[in-house]
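Below is one structure, written out as structure tokens; comments come after it.
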Amino acid sequence: MTEAPAIKAFDVFSVTIPQDDSYLGGLGPGESVNARGYVVRRGNRTIYPTEMRSAVVRVTLESGEEGWGETYGLVAPGAIFALVDDLIAPFVAGRSPFEVQAIWEDLYDLMRVRGYTGGFWLDAMAAVDIALWDLMGKLTDLPLHQLLGGRHRDRIPAYASGLPRPTLKEKVDLAKSLVDRGYRAVKIAAVVSYDGVEREIAALREGLGPDVALMVDCHWIYTPAEAIALAERLAPYDLAFIEAPCKTEDVAGLASIAARSPIPVAAGEEWRTSYDALARLERRAVSIVQPEMGHTGITQFMRIAHLAEAHHAKVIPHATIGAGIFAAASLHASSTVLSLPWHEYQHSIFHHSASLMDGRLDCREGYFLLPEGPGLGVTPNARFWERARKLG
Ligand code: MG
């Protein structure tokens, strides 16, 4: 058997993503853009750039073959560059992409005792991990879902996420138009439910009928007692899940919500590793996990999914703003997970992400279609390069 070509070079790009609507709608009272182009949204107290962007990593082999990875690059994308350039590249160069999981574990060990078990460090590792899996697919001429052991489905049900409209009537109208286009599940964001979550959910249930699944994302804003009370009030509306009801740090609080909520509890978009998942799953603090490929990479996404399965939890992956690379990875990985009723669909962003990629990246009539071809099955196109800036 011939040896696989060695890893040679790493490049990091900041890529701007076109967007129709902000996920949380237009700027609210008291929200303003600072000199760096950032705005803090009051509802979830989170910072966003005015121009959406992600961090893309290219890994090149001695043979010239290129693999693509991606992580969050919304804020301080230079941090991802510094970590890849200074720590990961010299450590990983010369190794084989077929060592992807060993590489992930070795990188994690480098910083573990310093407490770098999440955040930007794990994001940088996620981008590199995705690129190495892409390279394995290209070297073997196999799609990622086959490298992962085989898919259970060739299309993935999508739930429509967010109703970024100013009034309740417009939100219901938008939800109706999504249902008319084939989406059978809709999620709202509690932090922009200006008429109140209960009223908004009641209007949606009334407008959409009993057969459309409804969910609410709480963006970590409630105390456990508030979240339990909300879940009890929302119980008559038959919700599919209540997401991120309390602070991510309060695992015991989340467990207390899950024990008393009449609605299934979901969380996980901010997790990086199976350790984050295990801490919640072993306490039965969630019955739905929501891994985000841009934070986990493929290696940890799959470990979280397998851990969830062992704890009878469903996997409903998160979808954030990207250039289409981690989206493709997430769809491949999702196709291999047994208990996966939906994948999040950012209806105001996904087609823009897809427009930056060659290869099939498509969501229509309520379903994501799987990318085709070796590895991720997508590669940056000319529109991507118009929007990419090489860092360093
Ligand atoms: Mg969320």
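Taking segment 202-224 as the search range and keeping residues that are within 16 Å of the ligand (Cβ to nearest atom) and hydrophobic (A, V, I, L, M, F, W, C), which one is farthest from Ile316 (Cα to Cα)? Filtering segment 202-224 for residues that are within 16 Å of the ligand (Cβ to nearest atom) and hydrophobic (A, V, I, L, M, F, W, C), the one farthest from Ile316 (Cα to Cα) comes out as Ile221. The single condition from (1) within 16 Å of the ligand (Cβ to nearest atom); (2) in contact with a helix residue (DSSP H, G or I) (Cβ under 7 Å, 6 or more places away or on another chain); (3) not in a helix (DSSP H, G or I) that Lys187 fails is (2). Can you spot a residue in segment 295-302 that is within 16 Å of the ligand (Cβ to nearest atom) and over 25 Å from Asp123 (Cα atoms)? No - not one qualifying residue is present in segment 295-302. Looking at segment 333-392, none of the strands (runs of 3 or more DSSP E) lying wholly inside it contains 2 or more residues that are of a type in the set (Ser, Thr, Tyr) and under 17 Å from the mean Cα position of the chain (by Cα). Under 19 Å from Leu178 (Cα atoms), surrounded by fewer than 24 Cβ atoms within 10 Å (Cβ to Cβ) and in contact with an Asp or Glu (Cβ under 8 Å, 6 or more places away or on another chain), is that true of His352? Here the answer is yes, as His352 does meet what is asked. When Ala227, Ala244 are checked against the criterion of being within 16 Å of the ligand (Cβ to nearest atom), of a type in the set (A, V, I, L, M, F, W, C), within 20 Å of the chain's Cα centre (by Cα) and in the same structural domain as Ile316 (by TED's automatic domain parsing), a single residue qualifies: Ala244. Can you find a residue in segment 130-148 that is surrounded by 16 or more Cβ atoms within 10 Å (Cβ to Cβ), more than 16 Å from the ligand (Cβ to nearest atom), within 15 Å of the chain's Cα centre (by Cα) and not assigned by TED's automatic domain parsing to the domain that holds Ala213? Yes: segment 130-148 contains one or more residues that are surrounded by 16 or more Cβ atoms within 10 Å (Cβ to Cβ), more than 16 Å from the ligand (Cβ to nearest atom), within 15 Å of the chain's Cα centre (by Cα) and not assigned by TED's automatic domain parsing to the domain that holds Ala213.
The values are calculated or read from the model by the stated rules, or taken from the named source; none is laboratory data. Source: prediction; values computed, not measured. As a convention, Cβ positions derive from the backbone with ideal geometry for all residues, glycine included, and neighbour counts pool all protein chains shown.
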